[in-house]
Amino acid sequence: MSFSLRRTGFTLVLLGSTLGALTACIPLVMGGAVMTGLVASDRRTTGTVVEDEGIELRAASRIRENLGERGHVNVTSYNRQVLLTGEVASAQDKQLVEQIVSGVDNVRHIVNELAVLGNSTLTQRSSDSLVTGRVKAALVDAKDLFSSAFKITTERGTVYVMGRVTAREAARATEVISATTGVQRVVRILETISDDELARMSSTPPKDTPKE
C-alpha cells in the first residue's frame, strides 16, 4: 500500500518493496521519443546546485549548535527542497530541527522524516551506505535511465529518492530501486516534469548518452 502527500508541486510517496500495486497504477512507457528526450546531466541549474550545497552546510551547522549530541540528523537538499532523515530524542527535537532548517536561506520546502528513536549504530549506518551504493549502481546499469537525474539517501533500510523526472522515469526508477538487495522501502520525493519540459532541457547537448 502506498501513501501520497502533495505539497507545493512535489509528491512524497511511500512504497513497500513489492511493485504489484505500483505497476498497476503507473504504466511504464518505453518509446523512442521518450528516450531521446532524456538528458544525462543534473537537471538543476548551476546556481541551484550551489544553493543546495549551501543549504546542507548551513542547516547541518545550525542543527549541531542547537541539538548537540541529542540526535543524528542528515540534511539532503535537492532543488531547494530539504529532506531530514535520522534520529532525534523527542518529538520536540524533531519539530525544533524543522524550525531551524526553515530559517535557512533559500529553503522552499521541508520533508521531515526524522524518527524519534535512539541514534542508529555504526553497523546500521554502514549497511545503509552499502545499500545506497547498490542503488546507485543499479540506476547506472539501467539502460533506460540517467542515474544523475536522481539523488539517493538511505536511512535504516529506507531509500529516499529525489530528483526532477518524468512519470515514466519515476516509475522505472522505483522498480529498479525496489529490486535492489537490502532495500526495505522506497520513499519518492520527486518533482515531476513533463516530457515537453525534458525535451526542452535536452536542447543543450548532454554530457553523455545512455548506454547501448
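The values are calculated or read from the model by the stated rules, or taken from the named source; none is laboratory data. All figures in this text were calculated on a predicted structure; none of them were measured in a lab. Don't worry about glycine lacking a Cβ; one is built from the backbone with ideal geometry, like all the others, and counts go over all protein chains shown. Side chains are part of the model used for accessible areas, which takes the heavy atoms of the whole protein and leaves out ligands, DNA and RNA. Shrake-Rupley method; radii C 1.70, N 1.55, O 1.52, S 1.80 Å.
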Carbon/sulfur fraction of accessible area - region 125-202, other protein chains in place, 1.4 Å, %: 47
Convert each backbone phi in region 177-193 into a coupling constant with the Karplus relation 6.51 cos²θ - 1.76 cosθ + 1.60 (shift: θ = phi - 60°), then list the ³J(HN,Hα) values in order as whole Hz, x for Gly and Pro. 5, 4, 7, 7, 4, x, 7, 9, 7, 10, 10, 9, 10, 10, 9, 7, 10
Taking only protein heavy atoms into account and a 1.4 Å probe, give the accessible area per residue of region 60-212 in Å². 46
Among the aspartates and glutamates, which fall within straight-line cross-link reach of K151, defined as a Cα-Cα distance under 17 Å, with same-chain neighbours fewer than 8 residues apart omitted? D42, E51, D52, E53, E56, E113, D128, D141, E169, E175, E191
Interchain or sequence-distant (5+) residues whose placed amide H lies within less than 5 Å of the amide H of T154 are Y160
Taking Lys and Arg as +1 and Asp and Glu as -1, residues besides L67 with C-beta under 13 Å from its C-beta add up to -1
Long-range share for region 59-185, i.e. C-alpha pairs more than 21 Å apart as a percent of all pairs, stands at 44
Using θ = phi - 60° and the Karplus relation 6.51 cos²θ - 1.76 cosθ + 1.60, list the HN-Hα couplings for region 126-139 in order, rounded to whole Hz, with x at every Gly or Pro. 5, 5, 5, 5, 5, 5, 4, x, 5, 5, 4, 5, 5, 5
